[in-house]
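Reading through the structure tokens given below for one structure.
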Amino acid sequence: MSYLLRIDASAFGDASVSRQVADSFTAAWSRDIIRRDLALDPVGHLDAAGITARTTPAGAHTPEQKAAALLQDELVEEFLGAEAYVFAVPLYNYSMPSVFKAWLDHIMIVGKTIGLAGPAPSAGRPAVVISARGGGYGPGAPQHGKDFLIPALQTILGDTNLMALDVRPITPELTYAPVMEPLRHLLPQHYASLKQAHAQARRQAAEVAAVIATRRPELPGA
Ligand SMILES: Cc1cc2nc3c(=O)[nH]c(=O)nc-3n(C[C@H](O)[C@H](O)[C@H](O)COP(=O)(O)O)c2cc1C
């Protein structure tokens, strides 16, 4: 277990603010990184074959269940093999991009990643969640309280009965300000938020490396 798993979910490629902030993290990261880009290479929705494959003995799998189990095994192995995570997950319709939700549906498996007798295998691993958003959701903003992405991921990824990850959100806001006239007056707040997000990402790279060094003192360069 010796890599950072970076998952991207923005449809906007290099223009994505979430990706650019995640790049600030990875630029300051000196260990191995495995990347999965769900926008370029989506995993598809979890279907009946994928769900029933989990409770059907492998020897009795239909061809569809076999294919679904192979994909889930690959994704779970990649997830569990990581020592830390960066999730670049923009806010879409007050929630997460469907490609990211689909990926989560494939890896949240009772008996493999969650719902085990003891703590989840991923318990305590740092997970930096970078989520750009067009609007503003801080205290005093009209949309305050309507960000249903970070709270959902804090539960799904962070709850001790689920993945039990150490979730660290970074939320560059008001990315619509440069392109939407009614939000133009919020440009200074957008630039401040962006600057803060990049700084947080660089700081998190150092903090996460320090956490890993504590958890895995045998790693070279820790
Ligand atoms: C399908 C879609 C839905 C969106 N929904 C929201 C939303 O609910 N609230 C919001 O503030 N911005 C919303 N936006 C704007 C994005 O959050 C914004 O463009 C953000 O910068 C996208 O992240 P990215 O730059 O990493 O791609 C939406 C954009 C798209 C494409």
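Data table
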quantity	calculated
Listed residues L149, F79, I34: farthest to the positive end of the dipole of the chain (Cβ charges)	L149
Charge dipole (debye, nearest 20) of region 45-131; +1 at Cβ of Lys and Arg, -1 at Cβ of Asp and Glu	200 debye
Residue-level accessible surface for M108, protein heavy atoms, 1.4 Å, Å²	40 Å²
Shape of region 1-95, Cα gyration tensor, a/c cut at 1.5	oblate
Largest-first ordering by accessible area, 1.4 Å probe, given options R133, R216	R216, R133
Rounded to the nearest 20 debye, dipole of region 3-215 from Cβ charges on Lys, Arg, Asp, Glu	480 debye
Cut-off 11 Å, label 7 Å out along Cα→Cβ of R216, residues of region 1-16 by amide N	1-5
Carbon and sulfur %, accessible surface of the chain computed with the full protein complex present, 1.4 Å	58 percent
Separation in nanometres of the label points that stand 7 Å from Cα toward Cβ, at H144 and N161	3.1 nm
Potential lengthening between A192 and D37 on full extension [0.36 nm per residue; Cα-Cα distance subtracted]	53.0 nm
Helical mean residue ellipticity (222 nm; -39500 (n - 2.57) per DSSP H run of 4+; nearest 500) of the chain	-12000 deg cm²/dmol
Cross-link partners of K66 among aspartates and glutamates (Cα-Cα below 13 Å; sequence separation of 8 or more within a chain)	D47, E74
Heavy atoms of T214: accessible area, 1.4 Å probe, square angstrom to 10	110 Å²
Aspartates and glutamates with Cα under 15 Å of K146, excluding same-chain neighbours fewer than 8 positions away	E173
Percent antiparallel among DSSP beta bridges (both partners in the chain, rounded to 5)	5 percent
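The values are calculated or read from the model by the stated rules, or taken from the named source; none is laboratory data. Remember, predicted model here, so these are calculated numbers, not experimental data. As a convention, Cβ positions derive from the backbone with ideal geometry for all residues, glycine included, and neighbour counts pool all protein chains shown. The accessibility values were calculated without ligands, DNA or RNA, using every heavy atom of the protein model including side chains. Shrake-Rupley method; radii C 1.70, N 1.55, O 1.52, S 1.80 Å.
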